[in-house]
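Data first, discussion second: the structure below is written as structure tokens.
Values quoted throughout were computed directly from the atomic coordinates according to the rules given, and no laboratory measurement underlies them. Note that this is a predicted model, so its numbers are computed, not measured. Note that we place each Cβ from the backbone using ideal geometry, even for glycine, and neighbour counts take in every protein chain shown.
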Amino acid sequence: MLSTGTKAPSFTLPDQNGELHSLEDYRGKKLLLYFYPKDNTSGCAKQASGYSAAAAGFAGKGVCVVGVSKDSVASHKKFETNYELKFTLLSDPEKKTIEAYDIWKEKKLYGKVSMGVVRTTYLIDEEGTIIFANDKVKTADDAAKMLAYVSEL
């Protein structure tokens, strides 16, 4: 995981509609960039639904919410549709951005070791510097905690 005070790595990735987004597109705005393992799974759906429900609150605080996973554009579109998501999902199947943000890690599940995305949330300021980083994310309350955090800024 990258630490606070670090310049956020640049990226250019397609969203759920195939449109490209770059870190530079968010200059002058705060960006909440959250990385999650897989579309249409229960934990990821809880987290995404939380962010979708809080979308207006984040917008009111000048924060753009963007989710990133290694799933395809088509998978993201289905995820957006299934859960009526109100924010951008970026597709990183080659894991370049995932690796740049240092969240592709060894994970253990039921004794099985594999590589995967460690669920992580970053808040990036208007100049592109990471001002908050959390890799101890609880899916059900991540959005509420982050909205409370940005409300205090």
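Things worth noting here:
- Amide H within-cut-off set for residue 8, under 5 Å, with H built and near neighbours excluded: 129, 130
- Relative to the current alpha-carbon distance between residue 3 and residue 151, full extension at 0.36 nm per residue lengthens the span by 51.2 nm.
- From phi via Karplus (6.51, -1.76, 1.60), per-residue ³J(HN,Hα) for region 14-24 in Hz, x at Gly/Pro: x, 8, 5, 10, x, 7, 7, 10, 10, 3, 4
- Backbone phi angles across region 85-101, fed through the Karplus curve with coefficients 6.51, -1.76 and 1.60 (θ = phi - 60°), yield HN-Hα couplings of 6, 10, 8, 7, 10, 9, 9, 10, x, 8, 6, 5, 6, 4, 6, 4, 8 Hz in residue order; Gly and Pro are listed as x.
- The relative contact order of region 12-141 comes to 32 percent, based on Cα pairs under 8 Å that sit 6 or more residues apart.
- Table column - 3J(HN,Hα) (Hz), region 122-132, Karplus curve with 6.51, -1.76, 1.60, x for Gly and Pro: 10, 10, 10, 7, 4, 9, x, 9, 6, 10, 7
- Cα→Cβ-extended label distance, 7 Å offset, between residue 110 and residue 129, nm: 4.5 nm
- Here's the picture: a label point sits 7 Å out from the Cα of residue 10 along the beta-carbon direction, and within region 86-100 the residues with their amide nitrogen under 20 Å of it are 90-100.
- For the chain, adding -39500 (n - 2.57) for each run of n ≥ 4 DSSP H residues and dividing by the number of residues yields -8500 deg cm²/dmol at 222 nm.
- For region 1-50, applying the loop criterion from DSSP together with a ceiling of 13 other beta carbons within 10 Å to the trypsin sites (Lys or Arg not before Pro) yields 27, 29.
- Only Cα sites of region 12-141 enter the Debye sum here, all with the same form factor; the resulting log10 I(q)/I(0) across q = 0.09, 0.12, 0.13, 0.20 1/Å is -0.23, -0.42, -0.50, -1.26, listed in q order.
- Mean sequence separation of contacting Cα pairs (under 8 Å, at least six apart), scaled by the length of region 1-48, corresponds to a relative contact order of 19 percent.
- Estimated distance in nm for a label pair at residue 27 and residue 84, the labels positioned 7 Å out from Cα along Cα-to-Cβ: 3.7 nm
- Those GluC sites (Glu not before Pro) in region 1-81 that DSSP places in a loop and that have at most 14 other beta carbons within 10 Å: 19
- Between region 8-34 and region 101-153, the C-alpha centres lie 16 angstrom from each other.
- Loop-located chymotrypsin sites (Phe, Trp or Tyr not before Pro) in region 73-128 (DSSP state not H, G, I, E or B) with no more than 12 neighbouring Cβ atoms inside 10 Å: 110.
- Taking each residue as 0.36 nm, the span from residue 61 to residue 20 lengthens on full extension beyond its C-alpha to C-alpha distance by 12.3 nm.
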